Amino acid sequence: DVSKHQIVNVISDLLTANGFFEIKNNSITKKSSINVFDLDSNKELVSLINPLSNELSVLRSNMLCTGLETLRYNLNRQIYNLKFFEFGKTYSLIDKQYIEEDRLAIFASGLFKGDNWNEESRNVDFFLMKGVLDKLIDRFFPTSFKFSLNELKNNYTDLGIAYSHELTSKSENTHVIEMGSFSQSILNVMGIKKSIYYIDINLELFINLFTKKDLKYQDIPKFPSVKRDLSLLVNQ
């Protein structure tokens, strides 16, 4: 059996190997930051009874708001090439029941440097970000395991897709993974002038899928590993 801790470590190793840095944000944030994102109609914010200040008054209902604040902090200090990921919890109130979820958020902006010595850097775009997600999915699931893909429609995404699967979805609104680029309206509200792409993973659903008993194998790699030796003759 594979533990949640082991899965998190594998994900961390994969992302850091591709140039991402892990961040940690406070789960308590300001209500105005959360309110710029669409909330499901059946969800309510979890407010603190005795908040220390207006800046720390609610528990975050998504990982994107605090992640964008970290990105803005760096961009405002002229650090433009950013690749972050964060494991954390989100909180909501549904039918007077407190819901706590484990999630993983991944962000990228600016230049994306390849992991090969001869691969040129290029601006982050939708396909580069999807490539990161595909690496993550391929690491845990065989090629025969298929997610259902649908266009993502909300107020904070311009171009996005949602991944779902019948083994976990209890409703049509349950997504295992969401990815896309942040809408210009959200970037304007957050005071960000650069394009930012994100991946938002419901870690509980993702791990539950991976640990299903009917997933007992991993495909053999299609291609063998390649090692290249270079012999150079140079003037003394």
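The values are calculated or read from the model by the stated rules, or taken from the named source; none is laboratory data. The shown structure was predicted, so the numbers you read here are calculated from the model rather than taken from an experiment. Note that we place each Cβ from the backbone using ideal geometry, even for glycine, and neighbour counts take in every protein chain shown. The protein model used for the area step is the full one, side chains on, heavy atoms only, and it has no ligands, DNA or RNA in it. Shrake-Rupley method; radii C 1.70, N 1.55, O 1.52, S 1.80 Å.
Accessible surface of Thr174 in the full protein assembly, 1.4 angstrom probe, to the nearest 10 Å²?
Taking all protein chains as shown, Thr174 has close to 40 Å².
For the chain, modelled as a Gaussian network with Cα springs under 10 Å, which listed residue fluctuates most, Met179, Met129, Met190?
Met190
Which one is right for this structure if Cα extents along the principal axes in Å is calculated from it: [x] 52, 42, 35; [y] 72, 48, 31; [z] 64, 43, 38?
Here Cα extents along the principal axes in Å agrees with entry [y].
Give a residue-ordered list of calculated ³J(HN,Hα) values for region 229-236 (Karplus: 6.51 cos²θ - 1.76 cosθ + 1.60, θ = phi - 60°; whole Hz; x for Gly, Pro).
After applying 6.51 cos²θ - 1.76 cosθ + 1.60, I find 9, 10, 10, 10, 10, 10, 5, 4 Hz.
For the residue pair Lys96 and Thr16, what label-to-label distance in nm results when each label sits 7 Å from Cα along the Cα-to-beta-carbon direction?
Between Lys96 and Thr16, the label points sit 4.6 nm apart.
Roll a 1.4 angstrom probe over the protein heavy atoms and tell me the percent of accessible area of the chain that is carbon or sulfur. Write out the running numbers ahead of the final one.
Numbers: 7280 of 14780 Å².
That fraction is 49 percent.
Taking the 0 to 90 degree range and rounding to the nearest ten, how far is the long axis of helix 126-140 tilted relative to the main principal axis of the chain, both from C-alpha atoms?
80 degrees
Using a Gaussian network for the chain with springs between C-alpha atoms less than 10 Å apart, which of these wobbles most: Phe127, Phe182, Phe21?
Phe127
Using helices alone, I'd like the mean residue ellipticity at 222 nm for the chain: each DSSP H run of four-plus residues gives -39500 (n - 2.57), total over residue count, nearest 500.
So the calculated ellipticity at 222 nm is -7500 deg cm²/dmol.
Let me cross-check Ser121: its accessible surface, 1.4 Å probe, with only protein heavy atoms counted, in Å² to the nearest 10?
Roll a 1.4 Å probe over it and Ser121 shows about 60 Å².
Which entries in Lys83/Lys146; Lys113/Lys146; Lys96/Lys130; Lys89/Lys212; Lys89/Lys153; Lys43/Lys153 show an alpha-carbon gap greater than 25 Å?
Working: Lys83/Lys146 27 Å; Lys113/Lys146 29 Å; Lys96/Lys130 37 Å; Lys89/Lys212 23 Å; Lys89/Lys153 23 Å; Lys43/Lys153 18 Å.
Over 25 Å apart, Cα to Cα: Lys83/Lys146; Lys113/Lys146; Lys96/Lys130.
How far is the Cα center of region 145-166 from the Cα center of region 46-107, in Å?
21 Å
What are the radius of gyration and Dmax of region 1-91, computed over its Cα atoms and given in Å?
Looking at region 1-91, its Cα Rg and Dmax stand at 15.4, 45 Å.
For Val189 paired with Leu149, estimate the spin-label separation in nm (one decimal), with each label point 7 Å from Cα along the Cα-to-Cβ line.
Placing both labels 7 Å beyond Cα along the Cβ direction yields 2.8 nm.
I'd like to check one number: the per residue accessible area of region 93-159, probe 1.4 Å, reported in Å² as a whole number. Intermediate results must be reported in sequence, preceding the final value.
On the way: 4180 Å² over 67 residues.
It amounts to 62 Å² per residue over region 93-159.
Under 25 °C and 0.890 mPa s, how fast does region 89-203 diffuse according to Stokes-Einstein, given a Kirkwood radius computed over C-alpha pairs? Answer in µm²/s, whole number. Write out the running numbers ahead of the final one.
Values: Rh = 15.9 Å.
For these conditions, the coefficient is 154 µm²/s.
Compute the long axis of helix 4-17 from its Cα atoms, compare it with the longest principal axis of the Cα atoms of the chain, and write down the angle in degrees, 0 to 90, nearest 10.
60 degrees
Compare Glu151, Glu166, Glu101, Glu86 by solvent-accessible area with a 1.4 Å probe and give them largest first, with all protein chains kept in place.
Glu166, Glu151, Glu101, Glu86
Only Cα pairs within less than 10 Å get springs; with that Gaussian network setup on the chain, which residue of Asn50, Asn25, Asn74 has the largest fluctuation?
Highest fluctuation of the listed residues: Asn50.
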